[in-house]
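Values in this text are rule-based calculations from the coordinates and carry no lab data. Just so we're clear, the structure is a prediction, and the values are computed from it rather than from any experiment. Neighbour counts are summed over all protein chains in view; Cβ atoms, including those assigned to glycine, are modelled from backbone coordinates with ideal geometry.
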Amino acid sequence: MVWIPIAAAVALLAFALTALGLPSATLFAALLVGVVVSSARPERTRPSGAGPVRLPEWANRIAQACVGVLIGALVQPSALGSLAGDWLVVLAATIATLLVSLVAGALLGLHRDVDPVTGSFALVAGGASGLTAISQDLGADQRVVAVVQYLRVLVIVVSMPVVAGALPAGNGADSQLAASHGNYLFTAACATVGVILARYLPKVPALSLLGPMVLAAVLAVTGVSHGATAPVAVEQVAYAIIGLQVGLSFTRESLRSVRRLLPLAITLVVALIVATAAVGIPLLSLAGASPLDGYLATTPGGLYAVLATATSTGADTTLILTVQILRLLVMLLLAPLIAMLLSKRMNPPR
């Protein structure tokens, strides 16, 4: 069976990348394996330029639902309550960094190999795994979105130790997500609701991810979930499915297009990091945040690397987690509307 060696290759590569400290190692590994498998067969032998193998659509829907549960469960009532007095500053920082990343995406959309919808979602700071999972549903080129999103995360993670060492930190408060023995039941319940909604409401884009995400967030904020989240095993399988789906959709021509795009993408990623810091640090200083807190709270991506850095440097993890998760939720919820508006601009009514 073709999936056994593919799964084994993903597992081995993910283990190696994890040992090197790479974030989202499983998704990266699956993406790379998918690209290799898809490129191994000559273009002329493929029907309509398709890859040699394809994942079933239901697998992608379930993976999106599990990622949605994971994202929604990150919303914690203790973090939201502690920042109630500074909600206006937090909201302003969230919106400002989103607007900066959308401008960067619009600039990327000017490239001849990228349309405006793809450019926007390729650089927007709203959760690389979530946006990669739903980008095809929103009319974007999922391959370009995946490559640029994870290029953005990689640049952020590589540069983070240097920046964190250069910025002064304050006295942070610890914030940890609790684990629950009902993680599997919680994930299954939220994911099932999302998949059912997606089946009966097909006109709503990305509902397989957004439905479970909203439900998990509501259960987390109300305390009903008791700290439950998606189990690590489920999370890794979901990332592997999403990565494989994207990787297997590549063709040699699309790889050439992405290669032409890289110089502009890297330039815009660096500019985006600098611009969000320039906006986020002054804004969050109004809420008493240190320069390091402001940088980590508004840096455009790499959530888990951000939290690891915050914990090790004594930064305010409550503030950082709240701003990062709020921005992620807002972006994923607004993504269908943004895609619709951009599509109308690309195809104005006659």
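Structure values in brief
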read-out	value
Sorted by Cβ density within 10 Å, fewest first, the residues 213, 160, 331, 340	340, 160, 331, 213
Highest-first arrangement of 288-297, 274-283, 95-104, where packing means the average Cβ count within 10 Å	288-297, 95-104, 274-283
Label-point separation, residue 256 to residue 222 (7 Å along Cα→Cβ), nm	5.5
Simple label model, 7 Å out from Cα along Cβ direction - residue 341 to residue 3, nm	4.0
Estimated FRET transfer efficiency (residue 334, residue 20; beta-carbon r; R0 35 Å; 0.05)	0.55
